[in-house]
1. Where does each of 272-278, 232-238 land if you order them by average Cβ count within 10 Å, highest first?
2. When the Karplus curve 6.51 cos²θ - 1.76 cosθ + 1.60 is applied with θ = phi - 60°, which whole-Hz ³J(HN,Hα) does each residue of the range 245-254 get, with x for Gly and Pro?
3. Aspartates and glutamates near residue 453 by alpha-carbon distance under 16 Å, same-chain residues fewer than 8 away left out - which ones?
4. Taking the alpha-carbon set of the range 13-100, what are its Rg and Dmax in Å?
5. How large is the convex hull of the C-alpha atoms of the range 222-442 per residue, in Å³?
6. Can you tell which of 291, 319, 309 lies farthest toward the positive end of the dipole of the range 247-335, using +1 and -1 charges on the Cβ of basic and acidic side chains (Lys, Arg; Asp, Glu)?
7. If you take the Cα atoms of the range 153-209, find Rg, then find the Kirkwood Rh from the mean of 1/r over all pairs, what is Rg/Rh?
8. Percent of Cα-Cα pairs per 10 Å bin, from 0 to the last occupied bin, for the chain, please list those.
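Each reported figure results from applying straightforward, stated rules to the coordinates on display, with no laboratory input. No experiment lies behind these values; they were computed from the predicted model shown. When we count neighbours, we look across all protein chains shown, and the Cβ atoms used for this are built from the backbone with ideal geometry, even at glycine.
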Amino acid sequence: MAPTATAPPPFTAEDIAAERAAVAGRVLLPGEPGFAEINGRIFNHMFADRTPAVIFQPRGTADVVRAVRFGAKHKLPVVPRCGGHSAAGRSTTDGGVLVDLSQLHHVVVDRAQSRVHIGGGCLLGDVDRELALYGLVVPLGTYQNTGCGGLMLHGGMGLLSAAHGLSVDNILEAEVVTAAGEVVVASPTSHEDLFFGIRGAASFFGIVTRITLQAFPIAPEVHGGCILQPLAQFSDLARHIEVQLRRTKERTELGAFKFLVGGPNGPAIMTLACDTSADEARALEPLNEFASLGPVVAGGFGRAPFWRINSSFGDFIHAKPPPPARQYWRGFVVPTSRATEPDFQAAFQEAARLAVTSEHTPATLIIFEPWQHGIATHPNASPICNIRGSYVVFAFIFGWLTHQPDEPAMQVVHKATELMLPFVADLNYINYTGQPDAPAKLGRPISDEVRTKLRALKAKWDPDNFFPTL
């Protein structure tokens, strides 16, 4: 059990001195230089009040082993952090051992085999930029400061997923530090059972320090970008969704995400899109239709390296960084066939209006992600990630400022949820789940059959539930 805020930690100064002498990285205690800065690197400030008993910042796998064994010896929970974007606070701990993987950010490209080996602390932007040098890509997410480990080991949806599946589908091998403090390389031919578990549920089995992924060729430049369009009225959302779904259904070369945001100037839609077609006219056709849906007040579409296009949403965010916010995430998986029906559109428009215009949730972002094509048909699809068909995932990231009270904001969460629930499938995306009091009808990110298999693996690889329970 982790110590309370007032209880002394179950280790001594001599224990810490021994760890510092043994590791290549850093071992930090509360109040020491660097501790607050590392602990504060989180996206969801709902968990900003958590303080680890100690932070390990490893420089290699050997340091991660030391951290895990230290936690086990002193009966402390050990929590890895890559980018710090966990919706449910899984990358924070109060009184436990925080393992900050940010220094494990190597990217090694094997051009001959179209593979890339990445460290467990890489961010998406690290991988995109390095692969561009070799004319390669892997399907990743759309915000460049997101940690690869948390995203891809539990799914990983992005602009290239229609062609190449989820990030997790393209994992070929992973190095894992287990609950026993041992290093295991899991692949289709080595520790196959653990390989099954880490491709979709890695956080339950260990800390992943290295990942090998299949990469794919891409042209030096493709068409795409990110545009911002004011939303004149919420009924206009129906047209945005119809065009997005129709265009992305037509072919696998096109990826398109939409983001609904509020703000002092009223609600607006951001469209992030990329078309990898070599035919310029073919590539521009959907992009021009997206741009025709309203006046473009910022951004634009054009030709650029893929990594530049994939970072353009983040560029919008970084141009005027939002203040720290407390967040509550809800993912709603809606069959594509229902997403354009009038009854769903009416419910979604009202839920969106509540979320982005309420004074109680002024920092809300809503994402529309079409899950189609290669996500459903990838030959190595992870069976743990169960959204394998034609769906739209609507991610409501309810946000409010840190000085605002939680209760009025949570009332907005519950009202918007009630509006969306009649339309959801019995599925969900694990990266958008995990926060408390979610209705069962929101859908299961892991099927009962797969969960039974994972529990058997848990009994083998982590019988004492050192890492989170299933």
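1. Answer by packing, highest mean first, reads 272-278, 232-238.
2. 5, 5, 5, 6, 6, 5, 6, 7, 6, 9
3. By straight Cα distance, residue 453 reaches 192, 193, 462.
4. 12.1, 36
5. Value for the range 222-442: 126 Å³ per residue.
6. It is 319.
7. Ratio value, two decimals: 1.02.
8. Result returned by the calculation: 4, 21, 31, 27, 14, 3, 0.
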